[in-house]
Amino acid sequence: MSTQPQDCSGGYTVPVWLAAAARAALIHLRGEPCTRTQPLWLDPTALAAGAQPQPVPVEAVAPLADGWVLAMACCDPGSDVLDITRGLRLWVQLRWGEGPGDWLALRAGEGVGVVQASGDPCLSAYARQLLEINLRPLVPQGRRLELQVVIPEGRRLAERTSNAAFGVVDGLALIGTQAEVQRSAGPDPLAQALAELRARCSAPGFGGDLVLVIGENGLDLAPRLGLPAGLLLKAGNWLGPLLVAAAEAGVRRLLLFGYQGKLIKLAGGIFHTHHHLADGRAEVLTALAALGGLDGEALQALYDAPTVETALAELALRDGSRAQQLRQSIAAAVEERSRRYLARYGQEAMAAGAVLFDRSRQICAQGPVGLELLTALRDPA
């Protein structure tokens, strides 16, 4: 493998580093010289559009026993991004497959998240597309590949994510919907969301209603629950400025729709929700539980639980009605804190409601305003 230094920028999501390492291993498997950068098409439509591949660095490639080739890439989300993937080593083991089957058999090794219900690797559609366009043209007709992915630190780092809340266990998910990392803690996504918000509100026929969806899971779930796609606006972590901007732009009714473990921060007055900047979820949860009459060991168990989801699930096993009461208290507190936040900026006229869903992607709580808005905004069909 060439050791010449290469000028390659970071700023890429995990699927890009996976594809780079897998391609390097495949080049070695083919018996061809392997360099420190791999030319990757990062857009599934790039080949048809005639675009040029982009150089993505890899750190090592080496042969192993039994026909395996090992390759490693070091994830780099970009110099100005706060992300747990910074410096993350991603290993792939690749060899020719035996017998019939699909051209690629992908297995999750240590530290790679799997879907709990099926045991399959948690891999985004974009990640599969990158492997398809960058590897498949290099696989000879009639041959197939076995690919195993290993993330040595994945199991530990997964504890700092919400993977388990959505049924992904044992490690980090290989997800990402585009090549570049979205800087959700920085101002760029806020500017983009504000621009889209203002365009929506100034469009002919705008009726004054908006659903602010927190996260990809919410964006996928909302239409299934009957919320019209035309009302949905994906929010990053800058929820406070978006609330105020929505009111200023003429939104009269706004529904906050998101995962309970994320929206609970608003119940504590935290309106920038990136985990690097603010957390406080355990404190908010236990404060609301104490106000509802919970005390002693049960209250301590809530505080000690690793996630909001776990805390509420364990409480439900002991006292289902109290757990549901607490969930409703969270939703009501989100609405009340949002009302206060808007009032601080002179925007009391906009009604803000909250609807929360859980790890099973079922609605688990709704505030009084949220219940009214959910009923009113759902498509009758």
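The values are calculated or read from the model by the stated rules, or taken from the named source; none is laboratory data. Here the structure is a predicted model, which means the values were calculated and not measured. Here the Cβ is made from the backbone with ideal geometry for all residues, glycine too, and neighbour counts use every protein chain on show.
A few comments on the model shown:
- Condition met for Gly269 (assigned to a helix (DSSP H, G or I) and within 24 Å of Gly353 (Cβ to Cβ)): no
- Filter result for the condition that a residue is surrounded by fewer than 22 Cβ atoms within 10 Å (Cβ to Cβ) and modelled with pLDDT of 90 or more, over Ala311, Ala247: Ala247
- Residue match in the stretch 277-293 (condition: touching a Lys or Arg at 6+ places or on another chain (Cβ under 6 Å), part of a helix (DSSP H, G or I) and among the acidic types (Asp, Glu)): no
- If the condition is being at pLDDT below 90 and either over 19 Å from Ala365 (Cβ atoms) or of a type outside the set (Gly, Ala, Ser) (or both), then the stretch 206-222 contributes Ile214, Glu216, Asn217, Leu219, Asp220, Leu221.
- Comparison of Leu256, Leu239 shows that the only residue that is in contact (Cβ under 8 Å) with a residue 60 or more places away in the chain, closer than 23 Å to Ala199 by Cβ, in the same structural domain as Leu371 (by TED's automatic domain parsing) and buried (at least 18 other Cβ atoms within 10 Å of the Cβ) is Leu256.
- Selection of the stretch 350-381 for residues being touching a helix residue (DSSP H, G or I) at 6+ places or on another chain (Cβ under 7 Å) and assigned to a loop (DSSP other than H, G, I, E, B) yields Met350, Asp358, Arg359, Arg361, Gly367.
- Every pair of residues 6+ apart whose Cβ atoms lie under 6 Å, when the first sits in the stretch 33-46 and is touching a residue at least 40 places away in the same chain (Cβ under 8 Å) and under 17 Å from Ala125 (Cα atoms) while the second is surrounded by fewer than 18 Cβ atoms within 10 Å (Cβ to Cβ) and among the polar types (S, T, N, Q): Pro44/Gln129
- Residue match in the stretch 341-353 (condition: in contact with a Leu (Cβ under 6 Å, 6 or more places away or on another chain) and within 25 Å of Asp220 (Cα to Cα)): yes
- Unique residue being assigned by TED's automatic domain parsing to the domain that holds Pro228, of a type in the set (Asp, Glu) and buried (at least 17 other Cβ atoms within 10 Å of the Cβ) when the list is Asp295, Asp358, Asp304: Asp358
- Restricted to strands (runs of 3 or more DSSP E) entirely inside the stretch 60-160, those with at least 2 residues that are more than 25 Å from the chain's Cα centre (by Cα) are 60-63, 69-74, 89-96, 145-150.
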